[in-house]
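**Q** Can you keep this structure in mind? I'll have questions shortly.
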Amino acid sequence: MQRGNLDDLRALVAVGHERSFTKAAAKLGVSQSALSQTIRQLESRLGVRLLTRTTRSVSLTEAGERLVNTAAPRFEEIEAELEALRELRKKPAGTIRITAGDHAIHSVLWPKLAKFLPNYPDIKVEIVIDYGLTDIVAERYDAGVRWGEQVARDMIAVRIGPDVRFAVVGSKSYFAKRAPPKTPQDLISHNCTNLRLPTYGGLYAGEFERDGRELKVRVEGQLSFNGIFQVLDAAVAGLGLAYVPEDLAQPYLAKGRLKRVLEDWCAPWTGYHLYYPHRRQASAAFALLVDALRLPAPGTR
């Protein structure tokens, strides 16, 4: 294939990803009019329409989406190979984009990154806080962090954190007015602070287990947040019960500012995993980061 044809395909991929001629032109370093002309020439050469244009938006036709889905992964593989060659130098370099929840960042990523990054000044890490089950390939992340049960089977998963237990907690002032719940179902009659999940637009259902019996309980309350730290803050302030990771609640439990209930219903969860799509040649920077985040095997340090 001629070089010009490859450039035309790159132009289409850029427009398809950005859904905007303006953004795609800026990304490619060309004028918007030149980019538009390139796409028209490609459509003329192929004899099919690849984009649907309106005054407000740009979208791929069925043919355009098929071509982008075929071409984009090939270009990404080429870029990955070129990046790997560029990084065959003494100092690994590059930007690594990761999506994770705020608890994972606080409890696992940040402690390890604080030790890792000073040793590799040319490696940059961009972390986006997100509770949705983001498609890391479509959103162009290098990796994501989720509970082990949430990782898709077609991804490579590396365990980076130990098992985690959740805790149902409330303040002394709250329990001075309300009797503690005896079963997870009792939570329905309590004022509970909810965590909203953007993926489904719904509220997270507390997950409980005892003697092989599993329960999911959806609760109501005056407050909802899209961050777990705010859910905990509401419980500390006496505004309701919270279902949060045990390690976040522990300092407040130790000081007597919070009281724990339903502990025998809170079984351990499989810890956090770093997950990413299969790559034939990962960059040196990414390989180093994965090794730094990996949870050591039992008995090792």
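**Q** Of all residues in segment 230-243, how many are among the aliphatic types (A, V, I, L, M) and crowded, with 22+ Cβ neighbours inside 10 Å?
**A** Qualifying residue count for the region: 6.
**Q** Please determine whether any residue of segment 170-178 is in contact with a Pro (Cβ under 9 Å, 6 or more places away or on another chain), under 22 Å from residue 258 (Cβ atoms) and among the aromatic types (Phe, Trp, Tyr).
**A** No, segment 170-178 contains no residue that is in contact with a Pro (Cβ under 9 Å, 6 or more places away or on another chain), under 22 Å from residue 258 (Cβ atoms) and among the aromatic types (Phe, Trp, Tyr).
**Q** From the list 221, 170, 227, pick out the single residue that is surrounded by 14 or more Cβ atoms within 10 Å (Cβ to Cβ), touching a residue at least 40 places away in the same chain (Cβ under 8 Å) and in contact with a strand residue (DSSP E or B) (Cβ under 6 Å, 6 or more places away or on another chain).
**A** On inspection, the qualifying residue turns out to be 170.
**Q** Looking at this structure, is residue 259 in contact with a Leu (Cβ under 8 Å, 6 or more places away or on another chain), farther than 30 Å from residue 113 by Cβ and not in a loop (DSSP other than H, G, I, E, B)?
**A** Yes.
**Q** Among the residues of segment 114-126, is any among the acidic types (Asp, Glu) and crowded, with 18+ Cβ neighbours inside 10 Å?
**A** no
**Q** Continuing with the same structure: Which one of the conditions (1) without any contact (Cβ under 8 Å) to a residue 24 or more places away in the chain; (2) touching a helix residue (DSSP H, G or I) at 6+ places or on another chain (Cβ under 8 Å) does residue 123 fail to meet, given that it meets all the rest?
**A** That leaves (1) as the condition not met.
Residues checked against (1) farther than 18 Å from residue 79 by Cα; (2) surrounded by 13 or more Cβ atoms within 10 Å (Cβ to Cβ); (3) out of contact with any strand residue (DSSP E or B) (no Cβ under 9 Å at 6 or more places or on another chain):
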residue: 6; (1), (2), (3): no, yes, yes
residue: 10; (1), (2), (3): no, yes, yes
residue: 24; (1), (2), (3): no, yes, no
residue: 27; (1), (2), (3): no, yes, yes
residue: 39; (1), (2), (3): yes, yes, no
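**Q** Determine if segment 269-282 includes at least one residue that is over 30 Å from residue 121 (Cβ atoms) and either part of a helix (DSSP H, G or I) or within 19 Å of the chain's Cα centre (by Cα) (or both).
**A** Yes: segment 269-282 contains one or more residues that are over 30 Å from residue 121 (Cβ atoms) and either part of a helix (DSSP H, G or I) or within 19 Å of the chain's Cα centre (by Cα) (or both).
**Q** Follow-up question, since we're still on this one. Give the residue, chosen from 215, 197, 187, that is aliphatic (A, V, I, L, M), surrounded by fewer than 17 Cβ atoms within 10 Å (Cβ to Cβ), over 22 Å from residue 102 (Cα atoms) and in contact (Cβ under 8 Å) with a residue 24 or more places away in the chain.
**A** 215
**Q** Restricting attention to strands (runs of 3 or more DSSP E) lying wholly within segment 131-232, give those where 1 or more residues are closer than 27 Å to residue 289 by Cβ and modelled with pLDDT of 85 or more.
**A** Because the criterion is at least 1 residues that are closer than 27 Å to residue 289 by Cβ and modelled with pLDDT of 85 or more, the strands (runs of 3 or more DSSP E) in segment 131-232 that meet it are 143-147, 156-159.
**Q** Would you confirm whether any residue within segment 139-155 is over 30 Å from residue 14 (Cβ atoms), of a type in the set (Asp, Glu) and within 15 Å of the chain's Cα centre (by Cα)?
**A** yes
**Q** Quick check on this structure: which one of 153, 218, 178 is basic (Lys, Arg) and outside the structural domain of residue 232 (by TED's automatic domain parsing)?
**A** Unique residue meeting the criteria: 153.
The values are calculated or read from the model by the stated rules, or taken from the named source; none is laboratory data. Small disclaimer: the values here were computed from a predicted structure and weren't measured. Cβ sites come from the backbone with ideal geometry, for glycine too, and all protein chains shown count toward neighbours.
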